[in-house]
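A.B. asks: Please see the structure below; I have some questions.
The values are calculated or read from the model by the stated rules, or taken from the named source; none is laboratory data. Remember, it's a predicted structure, so these values are computed and weren't measured experimentally. Glycine gets a Cβ as well: all are built from the backbone with ideal geometry, and neighbour counts include every protein chain shown. Heads up: the accessible areas ignore ligands, DNA and RNA and are worked out on the full protein's heavy atoms, side chains in. Shrake-Rupley method; radii C 1.70, N 1.55, O 1.52, S 1.80 Å.
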Amino acid sequence: MVSERHVLVLPDRDAAEEVAEELPDRFGVSEEPQLVRDALAGEDDAEDAQWLVVVEDPDGRLDSAALDALAAEYEGWLEAP
């Protein structure tokens, strides 16, 4: 089995937190997703930070298209592996 890690990129912390809350309900994710602040290169302004939601997928069973669709609902996207 291949352990996968999915990274959802979201525009702000609120969106990232909402997506993290949706994951267990929609996808049955058992591990708590990690929220990571990702300051854009060369940007000091906190307003320009994106937020990443990192989802561990040890069984490789999460659907990338569905994760991307979830992120899109919050104006984000799934980072390509």
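A.B. asks: Mind checking the dipole of the chain: about its Cα centre, +1 per Lys or Arg Cβ, -1 per Asp or Glu Cβ, Debye to the nearest 20?
C.D. replies: On the way: 5 positive and 24 negative charges, 77 e Å.
It works out to roughly 360 debye.
A.B. asks: Just the number, please: carbon plus sulfur as a percent of the accessible area of the chain, 1.4 Å probe, no ligands or DNA/RNA counted.
C.D. replies: Solvent-exposed carbon and sulfur of the chain make up 44 percent of the total.
A.B. asks: Grab the DSSP H runs of the chain that are 4 residues or longer, score each as -39,500 (n - 2.57), total them, divide by all residues and round the 222 nm result to the nearest 500 deg cm²/dmol. Intermediate values should be presented prior to the final figure.
C.D. replies: Numbers: 2 runs with 25 residues, N = 81.
Here the helix-only value at 222 nm equals -9500 deg cm²/dmol.
A.B. asks: Could you state the accessible area per residue of the chain in Å², with a 1.4 Å probe and every protein chain left in place?
C.D. replies: I get 63 Å² per residue for the chain.
A.B. asks: Any idea what diffusion coefficient the chain gets from Stokes-Einstein, in µm²/s, Kirkwood Rh on alpha carbon pairs, 10 °C, 1.306 mPa s?
C.D. replies: Value of D from the Cα-based Kirkwood radius: 125 µm²/s.
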